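Undergrad: Quick one: the structure is below, questions incoming.
The values are calculated or read from the model by the stated rules, or taken from the named source; none is laboratory data. Everything quoted here is computed from the prediction, not taken from an experiment. Here the Cβ positions follow ideal geometry from the backbone for every residue, glycine too, while neighbour counts run over all protein chains shown.
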Amino acid sequence: FCNTDSKETRMIRKTLNASRLQQEVDRRIHRLQAIVEDGVKIHVPRPQLQEPDKTGCNWNMTHFGNAVGFDRDIEDVLKAVRAEYNLSTEVKDTDNPFGD
């Protein structure tokens, strides 16, 4: 019996708020060779909070804009950032669960 939920198997993630997380994904995407060479500006959506997945990551991003042909590149960046960061769940205004 192997407890895959133990903390030791998970990489400790840093937490960022939605804006910082969005900026980090944007920065990494626009640093990619293929995207730089193409001169394309990809719209990076805000991260969406979700139940932690099997790796422990609590967010995802969908619906990137102007990203046709770059799906694989974006997926690679997302995978890397999701492995390093979690979305901070502190909500300043408890009346608004979306914090906007």
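Undergrad: Could you go through region 9-23 and let me know if any residue there is of a type outside the set (Phe, Trp, Tyr), modelled with pLDDT of 95 or more and in a loop (DSSP other than H, G, I, E, B).
TA: Looking for residues that are of a type outside the set (Phe, Trp, Tyr), modelled with pLDDT of 95 or more and in a loop (DSSP other than H, G, I, E, B), one finds at least one in region 9-23, hence yes.
Undergrad: Given the conditions (1) more than 14 Å from residue 21 (Cα to Cα); (2) surrounded by 10 or more Cβ atoms within 10 Å (Cβ to Cβ); (3) modelled with pLDDT under 95, which single one is not true for residue 42?
TA: Going through (1) more than 14 Å from residue 21 (Cα to Cα); (2) surrounded by 10 or more Cβ atoms within 10 Å (Cβ to Cβ); (3) modelled with pLDDT under 95 one by one, residue 42 breaks only (3).
Undergrad: For region 66-82, indicate whether the set of residues that are surrounded by fewer than 11 Cβ atoms within 10 Å (Cβ to Cβ) and over 23 Å from residue 39 (Cα atoms) is non-empty.
TA: No - not one qualifying residue is present in region 66-82.
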